[in-house]
Each structure stands twice: as structure tokens, then as C-alpha cells.
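Below is one structure, written out as C-alpha cells; the observations come after it.
The values are calculated or read from the model by the stated rules, or taken from the named source; none is laboratory data. Here the structure is a predicted model, which is why all the values come from computation and not from measurement. A quick note on method: Cβ atoms are made from the backbone with ideal geometry, for glycine too, and the neighbour counts reach across all protein chains shown.
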């Protein structure tokens with residue numbers, strides 16, 4: 001993992017993301033690209049009017065000043081930091097920056113849900129997840145001192161989940177973490193017996209790894225919804241992070257039915273990492 005992008009708006013949740021990135025960067029010897037999306041209209045940027053040009057310069061200087069203050073943190077000592085200001089107005093273009101920079105991971109802070117209000121859905125964080133071709137880690141709280149020692153990868157053990165599984169496995173192995181693969185069995189037309197699930201898991205690992213070593217880390221749980229199953233299992237084992245495959249802009253979670261990734265990202269207190277199918 002060579003480069004991590006952290007989009008910031010100088011908020012507390014941005015700092016949670018930056019702290020998380022710093023810990024991962026120190027483990028993987030990565031560079032952190034701190035990205036601020038400065039909303040200046042194209043008209044202001046290209047105008048020849050001296051007043052408008054002065055405004056553009058003012059906003060750029062202000063962003064640089066806030067960057068200096070925001071990045072003056074002890075936990076960033078020893079980490080290569082590259083501040084970057086872009087004039088985009090939509091967070092979907094973070095993926096373009098990731099491609100330009102050759103980044104491996106995006107880390108963003110999110111408020112998640114508050115009461116009955118789903119903040120993640122329709123938010124800047126959700127837009128980044130939908131458009132990103134690389135993994136996105138969504139954090140809501142300050143990172144734990146222990147890091148990510150227990151990671152849950154939830155999927156339906158289908159062929160579509162193989163590439164996300166392999167990407168997740170490679171990333172977490174670099175961080176010294178073993179993933180627990182989770183399948184949620186639902187009381188519906190998709191219900192399967194234990195024997196059927198075990199065979200499905202064997203087929204999955206044979207295709208993904210070429211062996212059945214992964215069976216040691218596969219888990220089956222029955223629940224009334226995928227979201228409840230993932231959250232209940234993660235809580236039961238004391239997981240530090242939940243990871244899930246996503247179809248990106250086609251919809252965040254078609255690996256089961258409904259917007260499961262959105263639901264998990266909204267309601268989980270744990271960090272959630274998405275891997276595009």
C-alpha cells in the first residue's frame with residue numbers, strides 16, 4: 001500500500017480519518033495525500049477580472065493556512081504527507097485524484113446515522129464510495145490504539161465476491177491481520193442448510209485461493225437481515241472493522257438484496273471498508 005488519500009474538510013471526523021491513515025501508513029510505510037476540495041467556481045478561476053482573481057488567491061491562501069494548522073500533529077511525525085488542493089465541487093471526482101496519484105486506499109470520516117436521519121446516504125462519503133475504483137475506509141470515531149486486529153469480511157460466497165475478497169485479504173495480510181469471512185443465512189427463499197452453506201464455502205475458496213485453507217476462517221450465522229447478522233457477529237467476536245464488497249455506482253450492496261452496505265455503514269459503530277466488485 002503505497003499511497004493513501006484522505007479527503008478533509010478540517011472537521012473532527014476528518015481528523016479521525018487522518019489519525020487512522022497515519023497508523024496504517026506507519027505499518028505499511030505509505031505516503032498520505034491529504035486532499036481538500038476547495039469549492040471555487042470555474043468562472044472565478046478563469047476570470048480576468050482583478051477582483052475575482054483576488055478572491056481566488058485569497059481562498060487558496062486560506063486553504064494553505066488551514067492545511068498548515070490541520071497537519072501540525074504529533075501523530076504525523078515520520079509519515080510522508082502531501083497536501084493537495086483541488087477545485088472540484090463534487091466528491092465523486094476523488095476517484096480521478098486517486099487514479100492520478102496511483103493511490104491504493106481512500107479513508108474518509110463520516111457522521112453515520114443520527115437518530116432517524118441517515119447521514120451517510122447522499123453524503124459526500126457515500127458519493128466517494130459509489131464512484132471509487134479502489135477500497136474506501138469509512139471511519140466515525142477516533143482509531144483504537146490496537147489497530148485492526150479482528151476484521152470481518154461479509155459476503156454471499158458468490159463468484160462476484162471473489163475479487164473483493166482477494167483484494168481485502170491481500171490488504172489485511174500486509175497489515176498483519178487475518179480476516180474472518182462471514183455468510184449470513186436468512187429465513188427466506190435464500191435459506192440454506194448448514195451442509196449447503198459449507199459446500200458453497202468450499203467452492204468459493206477453491207476458486208478464490210485454489211485451496212480450502214480459508215475454511216478455517218469462515219463463519220455462518222442466521223439472522224433476520226444481513227445487516228443485523230453482520231453487526232451482531234462483529235459485536236460477538238469484538239471485531240475492529242467490517243469489510244464488504246460493493247458494486248459502486250450501480251448500487252452499494254447488491255451482493256445480497258437491498259442497500260446493505262449503506263445500512264451497515266450507517267448503523268455500524270465500527271469502521272467499514274468497501275471493496276469494489
Within the group 233, 172, which residue is out of contact with any helix residue (DSSP H, G or I) (no Cβ under 6 Å at 6 or more places or on another chain), buried (at least 16 other Cβ atoms within 10 Å of the Cβ) and closer than 27 Å to residue 18 by Cβ? 172
Out of the stretch 15-30, which residues are in contact with a strand residue (DSSP E or B) (Cβ under 8 Å, 6 or more places away or on another chain) and in a helix (DSSP H, G or I)? 15, 16, 17, 18, 20, 21, 22, 24, 25
Residues in the stretch 59-74: is at least one within 29 Å of residue 147 (Cα to Cα), surrounded by fewer than 16 Cβ atoms within 10 Å (Cβ to Cβ), in contact with a strand residue (DSSP E or B) (Cβ under 8 Å, 6 or more places away or on another chain) and at pLDDT 90 or above? yes
Considering each residue of the stretch 65-84, count those that are assigned to a helix (DSSP H, G or I) and out of contact with any helix residue (DSSP H, G or I) (no Cβ under 9 Å at 6 or more places or on another chain), and give that number. 6
Residue check for residue 227: part of a loop (DSSP other than H, G, I, E, B) and either modelled with pLDDT of 90 or more or surrounded by fewer than 18 Cβ atoms within 10 Å (Cβ to Cβ) (or both): no
Every residue from the stretch 135-155 that is surrounded by fewer than 19 Cβ atoms within 10 Å (Cβ to Cβ) and either under 22 Å from residue 182 (Cβ atoms) or in contact with a helix residue (DSSP H, G or I) (Cβ under 7 Å, 6 or more places away or on another chain) (or both): 141, 142, 144, 146, 147, 149, 150
